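The values are calculated or read from the model by the stated rules, or taken from the named source; none is laboratory data. The structure displayed is predicted, hence computed values, not measured ones. Ideal geometry is used to build each Cβ from the backbone, glycine not excepted, and the neighbour counts take in all protein chains shown. For accessibility, only protein heavy atoms count, side chains too; no ligands or nucleic acids. Shrake-Rupley method; radii C 1.70, N 1.55, O 1.52, S 1.80 Å.
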Amino acid sequence: MIRKLISRVFGGKKAAANHHEPAVIPVSGHGITRDRISSGSRRVCETLQAKGFKAFVVGGAVRDLLIGAEPKDFDVATDATPEEVRAAFRRSRIIGRRFQIVHVMMGQETLEVTTFRGELGADTKKDEHGRVLHDNVFGSQAEDAARRDFTANALYYDPTTEAVIDYHHGVGDLKAKTLRMIGEPRARYREDPVRMLRAVRLAAKLGLIIDPEASKPIREMAGLLENVPAARLFDEMLKLLTSGHSVKCLTQLREAGLHHGLLPLLDVILEQPMGEKFVMLALANTDERIRRGKGTSPGFLFATLLWHEVLAHWEKIKAGGEAKIPALYQAMDTVLDVQGEKLAITRRIAGDIKDIWALQPRFEQRAGKRPYALLEQPRFRAGYDFLVLRAQAGEIDMEMADWWTRFQNVDGDKRAEMLLPEAAGDKKKRRRRKKKPANGDVDRGGEE
């Protein structure tokens, strides 16, 4: 507290230079009317304002509305502390350690409400590389704007006045199709290396060009991502892969030099022609689903990214004499263990990934009762979609994928006619165990 007071008293001129008056843009200048933001975010802002606090829709939602995109969610920023926000809403809870936020539930909508962040002081807890570890420092709206990563994200919308408050020329940068960092890029990347990934994702998603001052340091500072907690890295990768522009994101990741070490196995995959074709087909398919408003599965996405590493390990293990199916399970565990060192893939998602992989050999079994049993598997559809991608990439014959497409779409006798003849080795020979005679009884071949 003493350090903060001294810095404000003796550093007043510097603070004044950084915290200039914002541009207040009326609705006639930006076109965002209050009916275009969610009812939940309106109610949160109105409730906090009625209690005497400042409250604005902030960040990505304002940015997306300005460029004509549909926001995925609406966040709120306020000068109320987390405890004051919590007290204002019955259905709310405080979460987070690095920086506390409040989740406010309004009907089916969950709003993320953050308190304005203050300037980082000399006593801010950081790691040896400069990454901020603890950040529960609150401040003014101007300080909060300066703490945000890009000018396009430092925009505040007031539902009451329908004005946009712009501290860092974010509206102008959006019009110029430029993604510009607030502050000195190298320092901002050291504070939070995930900003490098975010820059690539936002540029690809919004069709922006990263400002040269912000793009230049990325390649040489990519190693800082090694210090990011695995859970945060996983969340950011998931956002990137489900952005609807994952192919473009992946391309830009490679151009920026961020793919090396990010997904430890992605480096190898992208150097294999077959692996790259498979991954790109999967991501293009995901992008198309998102654009059409359909759901996506994180398990399916990561199953596609890592499949060719599983194949490579599977072949090595089989070559060592292990049976086919046990070898596959060993390969699956090896790949996920290596991946888990960098990305904290949740147990549930890892389970989905394994289910999809484990189904693949079963699609080869097209005789007897096995195809019928496979159709009843809960993960059949995901496994089938994965099979089709493998065929499209040229990994397996398209005939197998076509067979399963037909088999699931016909009934009764037609389905039975499609079954392939069982090979001699596939038939299970039933052997009756002979019952040993006891007390002079006659052996009757196991019959009672």
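At 1.4 Å probe size, put THR78, THR251 in order of accessible surface, largest to smallest. Mind dumping the intermediate values first?
Numbers: THR78 0, THR251 55 Å².
Listed by decreasing accessible area, they come as THR251, THR78.
Kindly write out, for the stretch 226-235 in residue order, the coupling ³J(HN,Hα) from the Karplus curve 6.51 cos²θ - 1.76 cosθ + 1.60 (θ = phi - 60°), rounded to whole Hz, with x marking Gly and Pro.
For the stretch 226-235, the Karplus-derived couplings read 5, 9, 7, x, 4, 5, 5, 5, 5, 4 Hz, x marking Gly and Pro.
To the nearest 0.05, how large is the calculated FRET efficiency for GLU422 and ARG219 if R₀ is 51 Å and r is the Cβ-Cβ distance?
Details: r = 57 Å, r/R0 = 1.11.
The calculated FRET efficiency here is 0.35.
Using a probe of 1.4 angstrom, how much of the accessible area of the stretch 129-218 is carbon and sulfur, in percent? Write down the numbers at each step before the final one.
Details: 1600 of 2930 Å².
Ligands and nucleic acids excluded, carbon and sulfur reach 55 percent.
With θ set to phi - 60°, apply the Karplus curve 6.51 cos²θ - 1.76 cosθ + 1.60 along the stretch 102-113 and write out the HN-Hα couplings as whole Hz, x wherever there is a Gly or Pro.
10, 9, 10, 9, 10, x, 8, 9, 10, 9, 9, 10
At a 10 angstrom cut-off on C-beta neighbours, averaged per residue, how do the peptides 145-158, 336-349 rank from highest to lowest?
Numbers: 145-158: 23.8, 336-349: 15.2.
Sorting 145-158, 336-349 by mean packing, highest first, produces 145-158, 336-349.
Amide H of VAL137 versus every other amide H placed in the peptide plane: which residues, excluding those fewer than 5 positions away on the same chain, fall under 5 Å?
GLY118
Multiply the residue gap between VAL338 and GLN365 by 0.36 nm, knock off their C-alpha separation, and tell me the result in nm, one decimal place. Before the final figure, lay out each step's value.
Numbers: separation 27, 0.36 × 27 = 9.72 nm, distance 3.05 nm.
Length gained, VAL338 through GLN365: 6.7 nm.
Whose amide H sits under 5 Å from the amide H of ILE210, counting only residues 5 or more places off or on another chain, with H placed in the peptide plane?
It is LEU179, by chain and number.
Taking the Cβ of SER92 as the center, what net charge do the other residues with Cβ under 13 Å away carry, scoring Lys and Arg +1 and Asp and Glu -1? Before the final figure, lay out the partial values.
Working: positive: ARG43, ARG86, ARG90, ARG91, ARG93; negative: GLU83, GLU84, GLU109, GLU112.
Net charge around SER92: +1.
Skipping prolines and chain starts, which residues have an amide H placed within reach, meaning under 5 Å, of the one on ALA154, given they are 5 or more residues away or on another chain?
The answer is none.
Rounded if a/c is under 1.5, else prolate if a/b beats b/c, else oblate: with a ≥ b ≥ c from the C-alpha gyration tensor eigenvalues square-rooted, which is the stretch 317-389?
Note, shape of the stretch 317-389 comes out oblate.
For the pair LYS414 and LYS324, how long in nm is the line joining their label points, each one 7 Å along Cα→Cβ?
Those two pseudo-labels are separated by 2.9 nm.
Mind running the shape call on the stretch 131-232? Use the C-alpha gyration tensor, a ≥ b ≥ c as the square roots of the eigenvalues: rounded below 1.5 for a/c, prolate if a/b tops b/c, oblate otherwise. Intermediate results must be reported in sequence, preceding the final value.
On the way: a/c = 2.12, a/b = 1.31, b/c = 1.61.
Cα axes put the stretch 131-232 in the oblate bin.
Residue by residue through the stretch 293-302, which ³J(HN,Hα) values in whole Hz follow from phi under the Karplus form 6.51 cos²θ - 1.76 cosθ + 1.60 (θ = phi - 60°), with glycine and proline marked x?
x, 8, x, 10, 10, x, x, 5, 4, 6
What distance in nm lies between label points placed 7 Å from Cα along the C-beta direction at PHE99 and LYS294?
About 3.6 nm separates the two model spin labels.
Viscosity 1.567 mPa s, temperature 4 °C: give me the Stokes-Einstein translational D for the stretch 20-119 in µm²/s, with Rh taken as the Kirkwood radius over C-alpha pairs. Kindly include the intermediate steps, with their values, before the conclusion.
Details: Rh = 14.2 Å.
My calculation gives 91 µm²/s for D.
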